[in-house]
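The structure appears right after this line, and notes come after that.
The values are calculated or read from the model by the stated rules, or taken from the named source; none is laboratory data. Treat the numbers as computed from the prediction; the structure is a model and nothing was measured. Cβ placement follows ideal geometry from the backbone for every residue including glycine, while neighbour counts extend to all protein chains displayed. Ligands, DNA and RNA are excluded from the accessible area calculation, which covers all protein heavy atoms including side chains. Shrake-Rupley method; radii C 1.70, N 1.55, O 1.52, S 1.80 Å.
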2 protein chains.
Amino acid sequence: MNLNTNFQNIADSYLFSTIAHKVAAFGESHPGAPIIRLGIGDVTLPLAPVVIEAMQQALCEMSVQKSFKGYGPEQGYLFLKEAIHNYYGERKICLNVDEIFISDGAKSDLGNILDLFSVDNTVLVPDPVYPVYVDTNTMAGRKILFMDANEDNGFLPLPDPSIKADVIYLCSPNNPTGAVYDRAGLKAWVDYANENHAVILFDAAYECFIEDENLPRSIFEIEGAQTCAIEFCSFSKMAGFTGTRCGWTIVPLALQSEGMSLNKMWLRRQTTKFNGVPYVVQKGAAAVFSAQGQRQIEESLAYYKENAQVLARTLDELGIWYTGGKNSPYLWLKCPNDMDSWDFFDYLLEKANLVGTPGAGFGKNGNKFFRLTAFGDKAATREAAGRLKKLLG
Amino acid sequence: MNLNTNFQNIADSYLFSTIAHKVAAFGESHPGAPIIRLGIGDVTLPLAPVVIEAMQQALCEMSVQKSFKGYGPEQGYLFLKEAIHNYYGERKICLNVDEIFISDGAKSDLGNILDLFSVDNTVLVPDPVYPVYVDTNTMAGRKILFMDANEDNGFLPLPDPSIKADVIYLCSPNNPTGAVYDRAGLKAWVDYANENHAVILFDAAYECFIEDENLPRSIFEIEGAQTCAIEFCSFSKMAGFTGTRCGWTIVPLALQSEGMSLNKMWLRRQTTKFNGVPYVVQKGAAAVFSAQGQRQIEESLAYYKENAQVLARTLDELGIWYTGGKNSPYLWLKCPNDMDSWDFFDYLLEKANLVGTPGAGFGKNGNKFFRLTAFGDKAATREAAGRLKKLLG
């Protein structure tokens, strides 16, 4: 056998393990220090009662021969695809249910979708970036170009017509920067993609944090996206499904190239290499879209959004430049006094017992920046905000 | 963008849709005909009570902040990996828990594992074959060699030293033929793989149907397999998880090539392109290995095994040559009177209102063969056996 030697080109990431070691070492040398973690990228509130009820009901069905469900459609049950269809319909986005594929999460599909593309495509990703975009393409041996996201462009790079890319990753609201594209920004990307026969892989995993009605929550709010974009979304942050695993991917029927339909290719890929999401989980996901479900998840989202506001107000008061904090669970701040992001990490831990994520872990442009998240405990987040004010004020 | 044009080389399979159309047409022209389906490849009995209880309990944990589970380890929770470790230990197979990866099913991992191998590898598959082995490799552009499985070798081909293969698929008990390799057969393959620096992808999804203690249930019962084999297994047929989705993959630490560890590569692949199996599902899967769980799944397996025995005895009485039926949920019979498999399909449907699967759908060597399965209803299976005797006796 010959192995895929591209694996040797994937950089080992020690970001979160380095953080864990540093925090553990600090805890050992400072027993009882009241450490607060603001670096967490996972939800902390439990599943909504409607989701639990729907899953329990589905389990009852699975316990009886008459209502037992074996293999389901690889692309997902119609009841869930229709619920998602209606969710988009409320925002006047008219999808065909055959364009909706239920997945076990955005991360899986963002990687697996690459099966559809030739290895000789050029991939364009922003820097800083969610490492999965880079690693999945490196693994397959694709050429990757980086575009600078920085203070000058508000961490929202726009297309450079001199660069020829085939596959473009956009994430809005962005992880790690929290920055959100407006309609004009996304329209520029859609136009670029259509002109250059490129495809946009649009990661919308944080769309539920958008409160400003003028900001697009889906790439399909933008005219022309149906011929150049695939959207990935998830119940993870919307409804606390990080450990329950469900998402969806939209591959428009109008997305064609070389006489091939990407929708049909993806259907073939999924029916061949995937066997669907558990019935019980799909039932829980569908319950999110009931009137009661929407009220319940809004409560959890409001909790996280309030945490984001507390942190954003603190940075405002301190006069610290940042992106995110509004319409996003992430805050991406410029380290004070031109500090390096790892130096700032050590400084915060030492002086205020606060843990965040050094921006350098997401790419070279993250070097003097720092990520905080809104997924923590409410009281702890307020306490952290007070410590930040005291330390940096 | 340039698409992966290998997709154009995947043959469209209309096997099961053709069957469905034929059966529907027959039903319309013969209203009320008492059709019995013996072609089903899905389980029909509900989840075991211990599995339901464990999943209900896990849902309770997910409903409370203190016990809520977010992202879990991509490779699976230790409690489930340890349960699988012990399951192998009972058969004196000593694995390291780091060699066990929890998956959402054997089908996904059988396809995804190919990320680890270079495209220029030569793949060896038996004919007839489970189509996923062929389609996933065709999609990636690999050269595929077929080895004849036929009446002469009992549908259990052995290595041909004149053929140089890199990646070898073996499925035992086999789908579709029900044939099971003995230790000598698997030892021949392990020796061939080690001598030729090839890897065996061993699909053990039906191991729980093996009753004969002399037959190997895992490739790792064979000396030397640790340096040349990866095993895929599943809760689907063992515990009725076809719609609940859980399986496991074993990548030995000793499996190395070109200085690279396949175990480490797979870990990197899974942490990058997968986000783990739902916590609730993993809790249900772990319950299968409790003493009570083992008793409960044995009951369901006994039900299917009895169906297989009823069909096998019928074929024995009729003097029809077949593989499987023992140690397997599948029966692979030679069509009487040298009939073509589709002709026999029409004949059975017309004369006895029985539906099975024409062997030709699994490859050229299936042409005069026919697959029956043991996953149907007990009474219906007995009735079907009676009809077979009447028609062919």
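Results for (1) within 17 Å of the chain's Cα centre (by Cα); (2) closer than 26 Å to A:SER103 by Cα; (3) among the charged types (D, E, K, R); (4) not in a loop (DSSP other than H, G, I, E, B), shown as yes or no for each residue.
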{"position": "A:PHE155", "(1), (2), (3), (4)": "yes, no, no, no"}
{"position": "A:PRO159", "(1), (2), (3), (4)": "no, no, no, no"}
{"position": "A:VAL180", "(1), (2), (3), (4)": "yes, yes, no, no"}
{"position": "A:LYS187", "(1), (2), (3), (4)": "no, no, yes, yes"}
{"position": "A:PHE202", "(1), (2), (3), (4)": "yes, yes, no, yes"}
Which of the helices (runs of 4 or more DSSP H) found entirely inside the range A:22-138 contain at least 1 residues meeting this: modelled with pLDDT of 95 or more, surrounded by 15 or more Cβ atoms within 10 Å (Cβ to Cβ) and within 10 Å of another protein chain (Cβ to nearest Cβ)? A:49-62, A:106-112
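Looking for whichever is touching a Lys or Arg at 6+ places or on another chain (Cβ under 6 Å) and within 9 Å of chain A (Cβ to nearest Cβ) here; the options are B:GLY276, B:GLY243. Which one fits?
Numbers: B:GLY276 fails: touching a Lys or Arg at 6+ places or on another chain (Cβ under 6 Å).
Answer to the check: B:GLY243.
Would you mind stating whether B:GLU151 is part of a loop (DSSP other than H, G, I, E, B) and open to solvent by 40 Å² or more (accessible area, probe 1.4 Å)?
On the way: part of a loop (DSSP other than H, G, I, E, B): yes; open to solvent by 40 Å² or more (accessible area, probe 1.4 Å): yes.
So B:GLU151 passes the test.
Okay, residues lined up against (1) in contact with a strand residue (DSSP E or B) (Cβ under 7 Å, 6 or more places away or on another chain); (2) under 27 Å from A:VAL119 (Cα atoms); (3) of a type in the set (D, E, K, R):
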site: B:ARG91; (1), (2), (3): no, no, yes
site: B:ASN96; (1), (2), (3): no, no, no
site: B:SER108; (1), (2), (3): no, yes, no
site: B:VAL119; (1), (2), (3): no, yes, no
site: B:THR122; (1), (2), (3): yes, yes, no
site: B:LYS143; (1), (2), (3): yes, yes, yes
site: B:GLY154; (1), (2), (3): yes, no, no
site: B:ILE163; (1), (2), (3): yes, no, no
site: B:ILE168; (1), (2), (3): yes, yes, no
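Mind checking whether some residue in the range B:218-234 is at pLDDT below 95 and assigned to a loop (DSSP other than H, G, I, E, B)? Lay out the reasoning, then the answer.
Residues of the range B:218-234 that are at pLDDT below 95, as a first pass: none.
Looking for residues that are at pLDDT below 95 and assigned to a loop (DSSP other than H, G, I, E, B), one finds none in the range B:218-234, hence no.
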Odd one out for B:GLY363 among (1) within 25 Å of B:PRO216 (Cβ to Cβ); (2) of a type outside the set (Lys, Arg); (3) in contact with a Leu (Cβ under 9 Å, 6 or more places away or on another chain): (3)
Going residue by residue through the range A:170-187, is there one that turns out to be among the aromatic types (Phe, Trp, Tyr), within 14 Å of another protein chain (Cβ to nearest Cβ) and open to solvent by less than 40 Å² (accessible area, probe 1.4 Å)? no
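Tell me the helices (runs of 4 or more DSSP H) entirely within the range B:272-386 that contain at least 3 residues that are surrounded by fewer than 21 Cβ atoms within 10 Å (Cβ to Cβ). Reasoning before the result, please.
Details: elements: B:279-287, B:291-318, B:341-352.
Where helices (runs of 4 or more DSSP H) fall fully within the range B:272-386 and carry at least 3 residues being surrounded by fewer than 21 Cβ atoms within 10 Å (Cβ to Cβ), they are B:291-318, B:341-352.
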Conditions (1) buried (at least 24 other Cβ atoms within 10 Å of the Cβ); (2) under 30 Å from B:LEU3 (Cα atoms); number of the one not met by A:ASN263: (1)
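From the list A:ILE230, A:ILE222, A:ILE250, which one is touching a residue at least 12 places away in the same chain (Cβ under 8 Å) and open to solvent by 10 Å² or more (accessible area, probe 1.4 Å)?
Working: A:ILE230 fails: open to solvent by 10 Å² or more (accessible area, probe 1.4 Å); A:ILE250 fails: open to solvent by 10 Å² or more (accessible area, probe 1.4 Å).
Exactly one of A:ILE230, A:ILE222, A:ILE250 is touching a residue at least 12 places away in the same chain (Cβ under 8 Å) and open to solvent by 10 Å² or more (accessible area, probe 1.4 Å), namely A:ILE222.
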